[in-house]
Every structure is written in C-alpha cells, then in structure tokens.
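Below is one structure; the comments refer to it alone.
The values are calculated or read from the model by the stated rules, or taken from the named source; none is laboratory data. What you see is a predicted model; the values in this text were computed from it and never measured. Neighbour counts run over all protein chains shown; Cβ positions are idealised from the backbone, glycine included. Calculation scope for accessible area: heavy atoms of the full protein, side chains included, ligands and nucleic acids excluded. Shrake-Rupley method; radii C 1.70, N 1.55, O 1.52, S 1.80 Å.
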Amino acid sequence: MTQNRLYGMDVLKTVCCFSVVLLHAVAYRVEFFDETPAWMLANVVSSATRLAVPVFFMVSGALILRRDIPSYAAYFLKIARNYTVPLLGGLVAYKLLALGQGDPTPLLDGVVYNVRRSIAFHLWFMWTFLGLALVAPLLRPMVARREGLGLFLGLWLLFCVAQPWLGRIDVALPVDNMLFVFPAGYFVAGYALLTIDRRVSPWLLLFGCGLAVGATAWLTWRSSLEAGAFSPFFYEGPSPFLILYSACAFKLCRDLPPGPRPRLLTAVSGATFTVYIYHVLALSLASRFLGPTTLPMRLLVHAPLAFAACLGLDAAGRRIPGLRVFFR
C-alpha cells in the first residue's frame, strides 16, 4: 500500500463527509417536486452528492479487504470497538433528541431495540456496514484472486443492476440471486479499484463524473415530470450513472499524486464516522435554532455549520475521558 493510495482514501472520505451533509440538507426540498428553480438547484446538488454512500462503502471495502484476516477474534473485537460502540453512542444521542422533541415512544425504543425505527434514519448505513464487516472474512478469500474478483463483480452487475432494469420491462431472470446485494458490490469494487494498477486519464474521469451528475439530474427531472411526483429511481443503486460516478470519483482520488498531507484533511478523514453519525442531529438543531428552513439557508448556513460542529464534536470527544470510546 503506497502513501498516495492512502492519501486518495483520505481525500475521498473528506469529499464524502461534506457530500452527505449537503445531501441531507437539501433532501427536504428535492422530495417535493414542483419544477421551480429551487427544486432544480436541489436536484443538481442532490445528484452531485449521491456518490457519498456508495463511495463510503467502496473506501471501507478497499481498506478492509486489502489484507488477510488471520484472527477472527481480533478482527471482530476491532469492529466492535471502532464501529459498534460509536454507533450505540449515536443512537443514544438521537434518542435524547427525540425526547427533547416530545417523542412519546418508550425510553429504550430506538436505542437497544427497534433501532431501525429510530429518528436516526440515516444510520441504516452503519448497520449495513456492520453486516459487510461480518462477512468480510468470507469475502476476502473469494475476491483475493483476480478470477474470483471478476466473477463476483460480474454477477453483482447482473443481479443488482441488470435485473432491476429488466424488471421495468417485465423480464425476470430465471436464476435466483443467492449472494449479491448492492452494498457488497460497492464494497468489493472499492477493493478492485484500489488494487488494480491501470492508469486512466484524469480528464476522462472528470468527464465521467460530470456526465453522470448531469444525466442523473436530467433523468430525475424527466421521470419526476412524467410521474407528476418526485421519482428517485436514478438516485439509487440500479442507476448505471451512479455506478459510473462513484467509480470515476474513486479512481480519480485513488490516483492522486502523493504530496504533503494537510492537517485538516487528516482531521476530517479521521472524523468520518462522527460526521456521518451526528450530522443529521446537527442539521436538526441548526434548523430549530437558526431557521428559516429555506434552500439557501440550508446550503450556505446549516450545512457548513453542521459539518463544523461534527468536526468539533469529534475533536472534543476524543479528549474527554469516558467519551473517547464513542469516537474512533
């Protein structure tokens, strides 16, 4: 593993951290389709930030699958310490927010049971990531050889990308999918793009990113116009443009030339999970205390403040005895 590859992973995590904050900052507006300039802007911003979750999975797969896992006990202990404990801390924080908003549900609902019904809707990613971490020791030997890696990604594209499109024209594959889900494909694709040394022109990669964002925004507008309501299909996994965007962005950052690593980049990269876990809470508090909830306010005030607040929380939490376990 060369330093420029790790540098690229830090850049990707930083880009995705801020992208996911922007994504959720504009979500309220893009979900209400009305063809106004505000909706059009929200649609473009949402299209441009949709890489965040797929690339988070890709970075996780790249970093976890690049090495053998000789000791399952040590590996699962590390997963529990670095990811499960911070997640539980986040669930407690969101439960406190819910109580502060007058939520009448039982005290432990959303913390130690019914966790997927908690106010922290976005934490589905963390549960999915933990599921991938559990099967990573099985995935690693499957994809370590080039033949296995190619087979895995080919079957993933068949079952998770081609099959949904075939379903839109009432064509079903006669073979059942016994193994493949969207996050697993991105997880393995990150490892593939990290380890395969094949140079691609950065201009071509930038063109791919721009094409994917433009196509996603335009197709989302067209499909919403035809449906008469917001249609998120091209924001989601089966969209080949989302796969193109994620792969081009990953490859572009992976191939960045090595250089001095700014301290801010290192700090943001290290705070990835804190930002992801707590940014919705920060956006909620910003809306409550700063208002009004307009698109310009969300983009120019709430999102930057929420991002900065999460970084500050991470920096403070790592220094407070007793709370350090909740910040990796």
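Could you say which residue among ALA162, ALA144 is farther than 26 Å from ARG66 by Cβ and either at pLDDT below 95 or not hydrophobic (A, V, I, L, M, F, W, C) (or both)?
ALA162 is the lone residue from the list that is farther than 26 Å from ARG66 by Cβ and either at pLDDT below 95 or not hydrophobic (A, V, I, L, M, F, W, C) (or both).
Please list, ordered by first then second residue, the pairs with beta carbon atoms under 9 Å, 6 or more apart or interchain, first in the range 182-211 and within 11 Å of ARG254 (Cβ to Cβ), second assigned to a helix (DSSP H, G or I) and open to solvent by 50 Å² or more (accessible area, probe 1.4 Å).
Hits for this filter: GLY190/LEU63; LEU194/LEU63; ILE196/ARG146.
Which residue is nearest to PHE33 (Cα to Cα), if the candidates are limited to the range 212-227 and must be in contact (Cβ under 8 Å) with a residue 12 or more places away in the chain and either outside any helix (DSSP H, G or I) or open to solvent by less than 30 Å² (accessible area, probe 1.4 Å) (or both)?
SER224
How many residues does the range 55-83 contain that are touching a Ser or Thr at 6+ places or on another chain (Cβ under 7 Å) and at pLDDT 95 or above?
So the answer is 2.
Of the residues GLY210, GLY110, which is within 22 Å of the chain's Cα centre (by Cα) and over 24 Å from SER239 (Cβ atoms)?
Only one candidate qualifies: GLY110.
Out of all the residues in the range 27-44, which are open to solvent by 40 Å² or more (accessible area, probe 1.4 Å), assigned to a helix (DSSP H, G or I) and free of Cβ contacts under 8 Å to residues at least 12 places away in the same chain?
PRO37
Of all residues in the range 287-309, count the ones that are outside any loop (DSSP other than H, G, I, E, B) and either free of Cβ contacts under 8 Å to residues at least 40 places away in the same chain or β-branched (Val, Ile, Thr) (or both).
Selection size over the range 287-309: 11.
Taking only the range 168-193 into account, find how many residues are assigned to a helix (DSSP H, G or I) and open to solvent by 40 Å² or more (accessible area, probe 1.4 Å).
2
Do we find that ALA315 is under 15 Å from LEU22 (Cα atoms), open to solvent by less than 60 Å² (accessible area, probe 1.4 Å) and modelled with pLDDT of 90 or more in this structure?
Considered against the rule, which asks whether it is under 15 Å from LEU22 (Cα atoms), open to solvent by less than 60 Å² (accessible area, probe 1.4 Å) and modelled with pLDDT of 90 or more, ALA315 comes out as no.
Going residue by residue through the range 195-203, is there one that turns out to be open to solvent by 60 Å² or more (accessible area, probe 1.4 Å) and part of a helix (DSSP H, G or I)?
yes
Here's a check for you: in the range 271-286, which residue that is of a type in the set (Gly, Ala, Ser) and either part of a loop (DSSP other than H, G, I, E, B) or open to solvent by less than 30 Å² (accessible area, probe 1.4 Å) (or both) is nearest to ARG318 (Cα to Cα)?
ALA271
Tell me, yes or no, whether the range 14-26 has at least one residue that is open to solvent by 20 Å² or more (accessible area, probe 1.4 Å) and not in a helix (DSSP H, G or I).
Looking through the range 14-26, none of the residues is open to solvent by 20 Å² or more (accessible area, probe 1.4 Å) and not in a helix (DSSP H, G or I).
Filtering the range 145-167 down to residues that are free of Cβ contacts under 8 Å to residues at least 12 places away in the same chain and among the hydrophobic types (A, V, I, L, M, F, W, C), which residue is surrounded by the most Cβ atoms within 10 Å (Cβ to Cβ)?
ALA162
Which one is modelled with the highest pLDDT, of the residues in the range 240-270 that are among the charged types (D, E, K, R) and either open to solvent by 60 Å² or more (accessible area, probe 1.4 Å) or not in a helix (DSSP H, G or I) (or both)?
Looking at residues that are among the charged types (D, E, K, R) and either open to solvent by 60 Å² or more (accessible area, probe 1.4 Å) or not in a helix (DSSP H, G or I) (or both), I get ASP255.
Specify which of the listed residues (GLY322, GLY291, GLY237) is open to solvent by less than 40 Å² (accessible area, probe 1.4 Å), on the phi > 0 side of the Ramachandran plot and at pLDDT below 90.
Result of the check over GLY322, GLY291, GLY237: GLY291.
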